[in-house]
Structures are given as structure tokens and as C-alpha cells.
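For reference, the structure discussed in these notes is given below.
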Amino acid sequence: MRLSDLYPPKPRKPATSATQPARAVAASAAPTPARRLFLLSATAAAAAVAAGLVPRLVRPAVAAEGANATEHFEVAFSDAEWRKRLSAGQYEILRQEGTERPYSSPLNDEHRAGTFACAGCAQPLFSSRTKFDSHTGWPSFWTPLDKAVGTHTDRSFGMVRTEVHCSRCGGHLGHVFDDGPKPTGLRYCMNGLAMTFHPQAA
Ligand SMILES: [Zn+2]
């Protein structure tokens, strides 16, 4: 998959005034906040990490390179079966380690009490009690439910990150960083499309 598939550039608006074409184009070409965030992630992350501008990445002692390739999960389907069971967007994230656009998921603004579960196998993953607003545009939590997720090292896009997946079906959920709030200091940065929300029964 190409980066442009994940974050296609916004089409430029035509110049509104014939007398100021250059200015109009320059203004419309300015990156949106989301695009700026992405550009930082994709092109400057390595330099920013080296310069200490962004937090160190979490590297759990248990994380093993390529662990996913040999890992066996309780819920397992063929690729064709996953395609049938999931929406196109869910498939791209859960099975192909895609990333949804920031602020695109309704779960980002879900503030009710309840449980966030895996969209692939329905395993409960996160409690609303551990959700916080990270201002990143992705649903964020400071800890998962017990044994709900696994991790492996992700070296895609020229970065070293800790990938997070469902421990039951292996579906990709997002990444974990160490710039989260107390008590863990962790930020589980999740794709809303990879989860479903189940409000707590009154
Ligand atoms: Zn799952």
C-alpha cells in the first residue's frame, strides 16, 4: 500500500480571483492540521526522535521482531473469510495494518461508560474508564484490559513503533507510545474502525 492511499492529498481549489492566482493557490495548498500531522509522522519522525522532539517509543521487553508471523490466535480465518466478515475499512485496518484518518471515527468522541471491543472478534479491549482525550484524533487509552492485546515492533514508514493487536484474533488496532497520562504514562493510540463500543448496562 502506498502512503497516498492512506492520506490522499486534498484537491486544490481553483483560484478565486484572476488577479491573485498565485496567492490563492498557495493558500489552498497549505496543509490541513491532519495533513501536517501526517507529514511529520512520515518524513520527519526519525529526525524528530533523534532530536528528542517527540517521545521515545515504548519497547516492551516481550516484543519480538516478526512475532506476528508465527503467532497463533484463538480466532483465525482465511484472508478471503476476513474480507467477507469485515467492512472494507475494517479489513484495511485490522488485517492490513492500515490507519484511519484522524478525527474520522465517531469513537473518538464517545464519552459514555462502557467497553470498546475488537471489531474482528468482539473481544473486550478497553474500558471507558481508561479513555482520555489525546488531541490526536484517534481514540486513546492509558491501559488495555487484562491480556486483551499483544504487541510487536513495527518498522514501517521509516519509524520504529510498537504495534498493538487484539490478542484473540491478531487484528491490528493501532500503536502504543510512552507519552500518555498517569498512572501508566502510556498512550494506546487506536483506530476507531478496529473497535465497536458497547455502552454499560444501566
Ligand atoms: Zn480480535
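FYI, it's all coordinate maths here, none of it is from the lab. Model, not experiment: these values are computed from the prediction. Heads up, the Cβs are rebuilt from the backbone with ideal geometry, glycines too, and the neighbour counts pull from every protein chain shown.
When you look at residue 146, is it among the acidic types (Asp, Glu), under 23 Å from residue 104 (Cβ atoms) and either away from the ligand (no atom under 15 Å from the Cβ) or surrounded by fewer than 20 Cβ atoms within 10 Å (Cβ to Cβ) (or both), yes or no?
No.
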Q.
Given the criterion more than 16 Å from the ligand (Cβ to nearest atom), buried (at least 19 other Cβ atoms within 10 Å of the Cβ), of a type outside the set (A, V, I, L, M, F, W, C) and within 25 Å of residue 76 (Cβ to Cβ), identify the matching residue among 162, 153.
A. 162
Q.
Restricting to segment 166-194, and then to whatever is over 11 Å from the mean Cα position of the chain (by Cα) and buried (at least 24 other Cβ atoms within 10 Å of the Cβ), can you tell me which residue is nearest to residue 116 (Cα to Cα)?
A. 166
Q) Considering only segment 127-143, how many residues are outside any loop (DSSP other than H, G, I, E, B), away from the ligand (no atom under 16 Å from the Cβ) and either crowded, with 18+ Cβ neighbours inside 10 Å or among the aliphatic types (A, V, I, L, M) (or both)? A) 3
Q: Scan segment 72-126 for residues that are within 16 Å of the ligand (Cβ to nearest atom), in a loop (DSSP other than H, G, I, E, B) and surrounded by 18 or more Cβ atoms within 10 Å (Cβ to Cβ) and report the count.
A: 8
